[in-house]
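The values are calculated or read from the model by the stated rules, or taken from the named source; none is laboratory data. Not measured: the values here are computed from a predicted model. Cβ: placed from backbone, ideal geometry, glycine included. Neighbour counts: every protein chain shown. Just so you know, the surface numbers come from the protein's heavy atoms only, side chains and all, with ligands and any DNA or RNA stripped out. Shrake-Rupley method; radii C 1.70, N 1.55, O 1.52, S 1.80 Å.
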Amino acid sequence: MSGVFRRLPVDAVNHHGGVISNEMNTFGGRLLIGATGSAAVASLPVYINALRGAFTGTVTVLMTHTAATFVPPYTVGLFADRVVTGGTPDEWPRVNQATLAAEHDMMAVLPATANMLSVVATGGVPNMLSATITAADFPVVFFPVMTGEMWRKPAVQRNVDQVRQDGYHVVDPPWGQRYDVGLGEFIDSPMPPPPPQFVDVVREFMPSNRAEGG
């Protein structure tokens, strides 16, 4: 199966997800979303659809292997203009970290796992997503999603600090109640950002928008 999926013309996708005020000014650009292996990736279509209310540019989603086990790439392809998994070697000459970095203006890593933060903090490149982050010369913003115990660990916080020191941006996750199936109860933990916040952060860091605002 091909590792690149393009959006299908499905009108119904425009009727789901977040709602953005029509009064909000639109903005463009070439956005790359890096999706990692957290269960929260199942909500990614909601964020892309919320983005469509204000964003007039293109959206490419680069999924890790684990992310693609949580939500099928062809499902994400109903919302994004393009989905890349890097799963087929015959595509690597044309779709790789160099081409992805050259074709986009900004990257948002949503969700960003503790593992991905660790990889970036230490300069590792075990997959196409981490390699593209390393190759990028544009803003890269991380939206961490993990358990509260993981987020509070000194090692994770050291990695967050290092990622920021290296010039990347990490958005502190909001905390809230979520149901843990394994525990059978609600727990207090870091949560994915509300879709409007995600849109605002993309607007803030998209280079073309910053240039116009400056």
Margin query: In the chain, if the dipole is taken from +1 on Lys/Arg beta carbons and -1 on Asp/Glu beta carbons about the Cα centre, which of Gly77, Gln165, Ala98 is farthest to the positive end?
Written below: Ala98
Item checked: Computed over region 28-139: relative contact order in percent, which uses C-alpha pairs under 8 Å that are six or more apart -> 34
Notebook entry, point to check: Once the other residues with Cβ under 15 Å from the Cβ of Ala50 are scored (Lys, Arg +1; Asp, Glu -1), what is the net sum?
Noted result: +1
Notebook entry, point to check: Roughly how many Å² is the accessible area per residue of the chain, as a whole number, for a 1.4 Å probe?
Noted result: 48
Next item on the list: Extending each Cα 7 Å along its Cβ direction at Asp180 and Thr66, get the distance between those two points in nm, one decimal.
Entry: 1.8
Note to self: Helix-only mean residue ellipticity at 222 nm, the chain, DSSP H runs n ≥ 4 weighted -39,500 (n - 2.57), per residue, nearest 500. What is it?
What the structure shows: -9500 deg cm²/dmol
Check: Based on the alpha carbon coordinates of region 83-214, what radius of gyration and maximum Cα-Cα distance (Dmax) apply, in Å?
Finding: 16.2, 49
Next item on the list: For a quick protection proxy, order the peptides 85-92, 177-184, 40-47 by their average other-Cβ count within 10 Å, most packed first.
Entry: 40-47, 85-92, 177-184
Check: Rounded, prolate or oblate: which fits region 115-164, taking a ≥ b ≥ c as square roots of the Cα gyration tensor eigenvalues, rounded meaning a/c under 1.5, else prolate when a/b beats b/c?
Finding: prolate
Margin query: Accessible area of region 69-214 with a 1.4 Å probe: how many percent of it is carbon plus sulfur?
Written below: 55
Checklist line | Positive-end residue, the chain charge dipole about Cα centroid, Cβ charges, pick of Thr66, Gly29, Val140 | finding: Thr66
